[in-house]
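Inspection log for the structure reproduced underneath, given as structure tokens.
Quick note: the coordinates plus some simple rules give every number you see, no bench work behind them. Because the structure is predicted, anything quoted here is derived from the model rather than measured. Note that each Cβ is placed from the backbone with ideal geometry, even for glycine, and that neighbours are counted across all protein chains shown.
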Amino acid sequence: MMTNLFSVFDPSSNIFNLSLNWMSTFLGLLLIPSSYWLMPSRHQIIWNNILLTLHKEFKTLLGPTGHNGSTFIFISLFSFIMFNNFMGLFPYIFTCTSHMTLTLTLALPLWLSFMLFGWINHTQHMFAHLVPQGTPAVLMPFMVCIETISNVIRPGTLAVRLAANMIAGHLLLTLLGNTGPSLSIILVNMLILAQIALLMLESAVAIIQSYVFAVLSTLYSSEVN
């Protein structure tokens, strides 16, 4: 009997008192070596094309002032988040991206590094960002406060957006799945169809949220150049 509905997001799986929940984060490392000694398959070719498209898009977002190779950070971030989002759709695998521990660990160091780089190297540019162009002199103090607050909450919004979206879909799947034993055959068939539709929606959410996280991180990076 599940005492707490949210315990589905933090199951107790341990061997020798070692918490193995977060080991699912590293399962992707098992898939990487095969690309070095096997012939490239269709899946690898498709994935390479996706990464190349992302590289071009992030390069456009960063603009001409972006540093060479900086897109690889955001491509790696996209791949990592999308892989973990998808792993959470499989039964008995811990969804690590639904926890603020992981999402804040990704968002906060990125935002801090952008801010430190911008304020140390482009101080005037960062001050200019606090007051939008064309702001009346009377509203300038208020605009500085608003822009500062919106800047400070950026890592929080990135982390909460990813975690909340992953929790919402999984919670709905869990709630619907728990009603199965008490339903009739016809309703169970309808429930299975609804679960399949929700699973497809969650697959789309897994891709979209990883893309949104990577694109917003790229945009925050482009502002400090």
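Can you give the angle from 0 to 90° between the axis of helix 154-178 and the longest principal axis of the chain, with both taken from C-alpha atoms, to the nearest 10? Taking the Cα atoms of the chain, the angle to 154-178 is about 10 degrees. Shown is the FRET efficiency for Ile73 and Leu176, computed with R0 = 41 Å from the Cβ-Cβ distance and rounded to the nearest 0.05: 0.60. When the chain is treated as a Gaussian network with alpha carbon springs shorter than 10 Å, the biggest mean-square fluctuation among Trp37, Trp22, Trp119 belongs to Trp37. The GNM of the chain, with springs linking C-alpha atoms under 10 angstrom apart, assigns the highest mean-square fluctuation among Tyr211, Tyr92, Tyr36 to Tyr36.
Work out, step by step, the length gained on full extension between His129 and Lys56: first 0.36 nm times the residue separation, then minus their alpha carbon distance; give nm to one decimal.
Working it through step by step, the gained length comes to 23.7 nm.
Summing Cβ point charges (Lys, Arg +1; Asp, Glu -1) relative to the Cα centre of the chain gives a dipole of roughly 260 debye. The C-alpha atoms of the chain define a longest principal axis, and helix 140-152 lies at about 40 degrees to it. Compared with the dominant principal axis of the Cα atoms in the chain, helix 185-223 is inclined by about 20°. Remark: the Ser34-Met140 segment gains 32.5 nm on full extension, using 0.36 nm per residue and subtracting the alpha carbon distance. Computed over the chain with a Gaussian network model linking Cα atoms closer than 10 Å, the most mobile of His125, His170, His55 is His125. For P(r) over Cα pairs in 5 Å bins from 0, in percent, the candidate list reads (1) 1, 7, 15, 20, 20, 15, 10, 6, 3, 1, 0, 0; (2) 1, 6, 11, 14, 15, 14, 12, 10, 7, 5, 3, 2, 1, 0; (3) 1, 6, 9, 13, 15, 15, 15, 13, 8, 3, 2, 1, 0, 0, 0; the entry that matches the value derived from this model is (2).
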